[in-house]
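I have placed the structure first, in the form of structure tokens, so that the comments after it can refer back to it.
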Amino acid sequence: MIDELDVAFEEDADRSKPRRHRAGKGGGRSAVALLVTFVLLAGLGGGVYFGYTKVRGFFVAADYSGAGSVPVEVQVPKNASLTEIGNELVKADVVKSTKAFTNAAEAEPRSKNIQSGTYNLRKQMAAKDAVALLLDPAARVSKGVTIPEGKTAKQTFELLAKATGLPVKDFEEAAKDPEALGVPDWWFKRNDGKQVAKSAEGFLFPDTYEFDPKADAGQVLSTMVEHFLTVTGELGFADDVQKDLKVSPYEALIVASLSQAEAGIAEDLPKVSRVAYNRAYKEDMTLQFDVTTNYWLELNGKDPKHSGELLAKEMEDPKNPYNTETVKGLPLGPINSPGKAALTGAMKPAAGPWLFFVAVDKSGKSAFAVTSAEHDKNVEKACASGINLCGK
């Protein structure tokens, strides 16, 4: 027992002494630990750097270098975003990635001026060079054509042929089957029991177009029909005329084409449409719109005439399915391509009992009347203004 206490006492005494040698040994181990830690941190740091550079590579947009090689035509869709344009360029192998293109375009303030159309570019171009070419007017393949409001299908074919280089006969042939061009069959229905002219007339929406240089006549006309359906769909044209006017969309389209041809100024379109509805559906009278006679003359290869020059035999021709002089109701079909304002006017005609109208000045403004006596006075005003109607 005493021996065990002595041993314990001696061990406690040893612990109370300074331990220089142990401290020295511990310091050596610390140095080794410090060195190992440094090596590990250095390795870790290198790994982090390597990882950073690798991850950074994922965020750098892939891009070609140089001005490109093989020439290629690329079409930029109408109202396309930079991303959509970039996607088209990637498909054509003009740029390596959409991101590279959008980065280059965003760095160029003028990129907001990139227009729709077809461009002569080159495959495997640096994105910044592709942007520069899209902003170069010389790179743009001019296939644009403007179809004014109120042009007939025949006139439209001539404008399209001139712009695209395709023969007029190709457009005439393609237009024979409007449903193949995309016109739904329900458009060719009437509520008035009259015959329908199943043609593309009225469905070739007037606007400025950029066509693919490789497009054939059918594809060109289909594009115009698709635009017509988009515009009338956005207007709610078909639903509104059936609900509010109790007429078929086809009948309302005919009225839109008539007002497009007759109204001299846009603000008169809703009133002219109202006159057409009143005379075709409400009163026991014929339309007597001279423009339908001129349309028939054009279909037969003859030049249209001023109203005052039309002959009675031309206006009353019993063989003319567009005769509105002696035949009641609306004619066989539309007589031109009405624009958005004319479609709106036919969809929401002005409220009024008017049965007559006549242009009273050289600006094209019309005066409207309910009775024949009022109309005669308006005709006198037209004569006084120099409008050539006095001899009619």
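The values are calculated or read from the model by the stated rules, or taken from the named source; none is laboratory data. Quantities reported herein were computed from a predicted structural model and do not represent experimental measurements. Glycine also receives a Cβ, built like all others from the backbone with ideal geometry; neighbour counts cover every protein chain displayed. Remember, those area values only see protein heavy atoms, side chains included, never the ligands or the DNA or RNA. Shrake-Rupley method; radii C 1.70, N 1.55, O 1.52, S 1.80 Å.
Pairs meeting the criteria (first residue in the stretch 103-123 and touching a residue at least 24 places away in the same chain (Cβ under 8 Å) and closer than 15 Å to GLY144 by Cβ, second residue open to solvent by less than 70 Å² (accessible area, probe 1.4 Å) and assigned to a loop (DSSP other than H, G, I, E, B), beta carbons under 8 Å, at least 6 apart or on different chains) are ILE114/LEU135; SER116/PRO77; SER116/ALA80; GLY117/LYS143; THR118/LYS143; THR118/ASP212; THR118/PRO213. The residues in the stretch 156-169 that are surrounded by 18 or more Cβ atoms within 10 Å (Cβ to Cβ), within 19 Å of LEU299 (Cβ to Cβ) and either hydroxyl-bearing (Ser, Thr, Tyr) or touching a residue at least 12 places away in the same chain (Cβ under 8 Å) (or both) can be counted, and the count is 3.
I need the full set of residues from the stretch 166-188 which are over 25 Å from PHE237 (Cα atoms), within 23 Å of the chain's Cα centre (by Cα) and not aliphatic (A, V, I, L, M), in order please. If the condition is that a residue be over 25 Å from PHE237 (Cα atoms), within 23 Å of the chain's Cα centre (by Cα) and not aliphatic (A, V, I, L, M), then PHE171 is the only one that fits. For the subset of the stretch 137-155 comprising residues that are assigned to a loop (DSSP other than H, G, I, E, B) and small (Gly, Ala, Ser), which member is surrounded by the fewest Cβ atoms within 10 Å (Cβ to Cβ)? The extreme case among them is SER142.
Each residue in the stretch 337-377 was checked for being in contact with a helix residue (DSSP H, G or I) (Cβ under 9 Å, 6 or more places away or on another chain), surrounded by fewer than 19 Cβ atoms within 10 Å (Cβ to Cβ) and part of a loop (DSSP other than H, G, I, E, B), and 8 pass.
Between LYS246, LYS214, the distinction of being of a type in the set (Lys, Arg) and modelled with pLDDT under 95 belongs to LYS214 only. Reported count of residues in the stretch 95-131, each being touching a strand residue (DSSP E or B) at 6+ places or on another chain (Cβ under 7 Å), part of a helix (DSSP H, G or I) and more than 22 Å from GLY66 (Cβ to Cβ), is 0. For the stretch 67-94, the set of residues classified as open to solvent by 40 Å² or more (accessible area, probe 1.4 Å) and either more than 24 Å from THR208 (Cβ to Cβ) or in a helix (DSSP H, G or I) (or both) consists of ALA67, SER69, VAL70, PRO71, LEU82, THR83, GLU84, ASN87, GLU88, VAL90, LYS91, ASP93, listed by residue number. Applying the criterion of being open to solvent by 50 Å² or more (accessible area, probe 1.4 Å) and among the hydroxyl-bearing types (Ser, Thr, Tyr) to the residues of the stretch 170-227, the residue that is farthest from PRO321 (Cα to Cα) is THR208.
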